[in-house]
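Student: Take a look at this one; I'll ask things after.
The values are calculated or read from the model by the stated rules, or taken from the named source; none is laboratory data. Treat the numbers as computed from the prediction; the structure is a model and nothing was measured. Glycine also receives a Cβ, built like all others from the backbone with ideal geometry; neighbour counts cover every protein chain displayed.
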Amino acid sequence: MPAFQRHLFICTNTRPAGHPRGCCNPDGAAALRERFKAEVKRRSLQATVRANAAGCLDQCEHGPNVVVYPEGVWYGNVQLSDVEEIIESHILGGTPVARLQLPPGCINTKSCAHKPRPGVTEGKVG
């Protein structure tokens, strides 16, 4: 069997309701990961694409989050309705879905416009 060409890491971390950082998997059902797995299977991509559950990707304010490797493309605020577009455009077509990509200045940084600051309530990307 050939090596996987792409790995999709879908955050399945849960946090208590109302947590200031948000939550990628609020009901604990991992529905987003399950939708990615189903779409990969529907398109018979199981030999080349792997949809993995991930723990916290530490981008909670942008959640639900998905990262695609080997490109290292980070997606934020991904909804069930976005899964087919990500598979079609990025995984099959090679073109990341720009409207869902996290800004580079928000990845692996202690602060960005979307992360809450002490005493300040911020919204999510989207």
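Student: For the range 63-83, give me each residue that is loosely packed, with under 14 Cβ neighbours inside 10 Å and closer than 18 Å to ALA31 by Cβ.
Tutor: Answer for the range 63-83, where residues must be loosely packed, with under 14 Cβ neighbours inside 10 Å and closer than 18 Å to ALA31 by Cβ: GLN79, LEU80, SER81.
Student: When you scan the range 20-91 for strands (runs of 3 or more DSSP E) that lie fully inside it, which ones turn up with 1 or more residues that are among the small types (Gly, Ala, Ser) and in contact with a Gly (Cβ under 8 Å, 6 or more places away or on another chain)?
Tutor: Hits in the range 20-91: none.
Student: Name the single residue that is surrounded by the fewest Cβ atoms within 10 Å (Cβ to Cβ) among those in the range 92-106 being among the small types (Gly, Ala, Ser) and part of a loop (DSSP other than H, G, I, E, B).
Tutor: GLY94
Student: Tally up the residues in the range 5-58 that are crowded, with 16+ Cβ neighbours inside 10 Å and within 14 Å of ILE91 (Cα to Cα), please.
Tutor: 11
Student: Right, SER89: modelled with pLDDT of 95 or more, in contact with a Pro (Cβ under 8 Å, 6 or more places away or on another chain) and surrounded by fewer than 18 Cβ atoms within 10 Å (Cβ to Cβ) or not?
Tutor: Taking the combined requirement at face value, the residue satisfies it.
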